[in-house]
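Report on one structure; see the data block that follows.
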Amino acid sequence: MVNGLVPIKRCLFRFVLFALLAWAANPSAAFAAETLRLGYSGSTPTQLAGALAIEHKLFDIYGVHVELTQSAGTTMIRALDAKSLDVAIVGGGQALSAYLKGLEMRIIGGLVNMAPYQLWAKPEITQVKDLKGKMIANTPPGTSLNLAAAILMQRLGFDAQRDVKLIAFGRIGLISQSLFTGVVDAALLSAPENLEARKMGMRMLVDLTTTRVACPFTSVVTTRAVLEKSPAALERFLKGIMHGVKLVLTQPDLAKKTIGRNLRLTDAEAIDEVYQRLVTTYERMPMVPRESIETVVKLSPTPPSRNPFGVLDMSLLERIDREGFTRSLYPK
């Protein structure tokens, strides 16, 4: 009986040894079957790292399969809550708002942790104080530009109800046109619209990027349930995002091609403007600072009903960094 077990033990040993050798040769293959459903719009420059990660199959390299769903930010938050998405690249302010309303959102990374906008105004408005009583373009509450406008008002010391008239437009594409056609007196613009404003003789009054006010502008968001269920898959997903950030920072020609394709731009100057503005906001390690949450909380006239910092979970990125992944991406 004992002798009969020897061949079986040898077979088991050989099988285990083969499996270990195969895993050592290609560790990501062991996780190839795991899938994350990703919500992503792809239509804004700040999401470029995600676009490159998708385009160049970086998530597959790190052993996680991504099923892509493209939609708007508020839709993605609802989809995360409904469990039809596992992770999304979306405005962190929207995730925080949902969290404060009781939804178990978790921000696990941040591509852009500041508002990448400039305030442009009609030529006759030469300084900030001239904005009082004027109309400034805005978008509805819950949108990223609306958050940036609130940060701007606080930064300028303006009362949004008394000092200016914030005019909400339903689509982000209408913001620049409302300024260029004279419907409003000023607007927050990002690249490449800022380039067009400059050519039209508009005045740039404030650059929120240079003020570097922390805010969760473009974040990687999941839910507590997914974080508890699939931390390894989310960690591999974040590695793909970080690799995408590296491509943005180190391969400008590659990044510019994707910018042109995703934003439907053909003008080289406009593409370069988008790229140059973007690289000033990206960081190698996409951690979200607590200050970014503080910025949003201070904008609310009422205190939060729960601890707002509970929305942040940087544990996966902290582990990635401890293990030396960032150093391996940037060896020099």
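Values quoted throughout were computed directly from the atomic coordinates according to the rules given, and no laboratory measurement underlies them. Keep in mind that this is a model prediction, so the values were computed, not measured. All Cβ positions, even for glycine, are placed from backbone atoms using ideal geometry, and neighbour counts span all protein chains on display.
Here are several values of Rg/Rh (Cα atoms, Kirkwood Rh): (i) 1.03; (ii) 1.07; (iii) 0.98. Which one was derived from the coordinates shown?
Label of the calculated value: (ii).
Mind checking which lysines have their C-alpha under 26 Å from LYS132, skipping anything on the same chain fewer than 8 residues away?
Leaving aside lysines fewer than 8 places away in the same chain, those within reach of LYS132 are LYS122, LYS165, LYS199, LYS298.
Just to confirm a number: summing +1 for Lys and Arg and -1 for Asp and Glu over residues other than ALA137 whose beta-carbon lies under 13 angstrom from that of ALA137, what do you get?
+2
Local charge sum around ARG198 (other residues, Cβ-Cβ under 15 Å, Lys/Arg +1, Asp/Glu -1)?
-3
For the chain, modelled as a Gaussian network with Cα springs under 10 Å, which listed residue fluctuates most, ASP272, ASP60, ASP163?
ASP163
Report the one residue of GLY310, ALA98, LEU254 whose Cα lies farthest in the direction of the positive end of the charge dipole of the chain (charges on C-beta: Lys and Arg +1, Asp and Glu -1; origin at the Cα centre).
GLY310
Roughly how big is the chain's charge dipole about its Cα centre, with Cβ charges of +1 (Lys, Arg) and -1 (Asp, Glu), in debye to the nearest 20?
Details: 39 positive and 29 negative charges, 99 e Å.
I would put it at about 480 debye.
Which residues' amide hydrogens lie under 5 Å from the amide hydrogen of VAL206, considering only partners 5 or more residues apart or on another chain, with H built in the peptide plane?
Those qualifying (amide H under 5 Å, at least 5 residues apart or on another chain) are LEU119.
Apply the Karplus curve 6.51 cos²θ - 1.76 cosθ + 1.60, θ = phi - 60°, to the phi angles in region 277-290 and return the couplings in whole Hz, x for Gly and Pro.
The phi angles translate into 5, 5, 5, 6, 10, 7, 10, 4, 9, x, 6, 9, x, 4 Hz.
Quick one: work out the % antiparallel among DSSP beta bridges in region 118-211, nearest 5. Walk me through the intermediate numbers first.
Working: 8 of 13 bridges.
Here the share of antiparallel DSSP bridges comes out near 60 percent.
Once phi is turned into ³J(HN,Hα) by the Karplus curve 6.51 cos²θ - 1.76 cosθ + 1.60 with θ = phi - 60°, what whole-Hz value does each residue of region 97-111 show in order, with x for glycine and proline?
Going residue by residue, I get 4, 5, 4, 5, 8, x, 7, 8, 7, 9, 8, 10, x, x, 6 Hz, with x marking Gly and Pro.
Quick one: net charge of GLU104's neighbours, Cβ under 13 Å, K/R +1, D/E -1?
Values: positive: LYS83, LYS101, ARG106, ARG224, LYS229, ARG306; negative: ASP81, GLU228, ASP313.
With Lys, Arg at +1 and Asp, Glu at -1, the net is +3.
Can you give me the Cα centroid spacing of region 121-178 and region 81-108 in angstrom?
When both Cα centres are located, 26 Å separates them.
Give the long-range amide H neighbours of LEU36: residues separated by 5 or more places, or on another chain, with amide H under 5 Å away, using H modelled in the peptide plane at 1.01 Å from N.
Distant-sequence amide H within range of LEU36: HIS65, VAL66, GLU67.
So which lysines can LYS239 reach, going by Cα to Cα under 25 Å and dropping same-chain residues fewer than 8 places off?
Qualifying lysines at Cα under 25 Å: LYS57, LYS83, LYS229, LYS256, LYS257, LYS332.
From the phi of every residue in region 300-312, what ³J(HN,Hα) in whole Hz does the Karplus formula 6.51 cos²θ - 1.76 cosθ + 1.60 yield, where θ is phi - 60° and glycine or proline is x?
3J(HN,Hα) across region 300-312, in whole Hz: 7, x, 10, x, x, 7, 8, 4, x, 6, x, 6, 8.
Please list, in chain and number order, the residues 5+ apart from LEU312 or on another chain whose amide H is under 5 Å from its amide H, with Hs placed from the backbone.
Here the answer is ILE107, since their amide H atoms fall under 5 Å of that of LEU312.
Just from its helices, what would the mean residue ellipticity at 222 nm be for the chain, if runs of 4 or more DSSP H residues each count -39500 (n - 2.57) and the sum is divided by every residue, rounded to the nearest 500 deg cm²/dmol?
Here the helix-only value at 222 nm equals -14000 deg cm²/dmol.
Out of the DSSP beta bridges found with both residues in the chain, what percent are antiparallel (nearest 5)?
60
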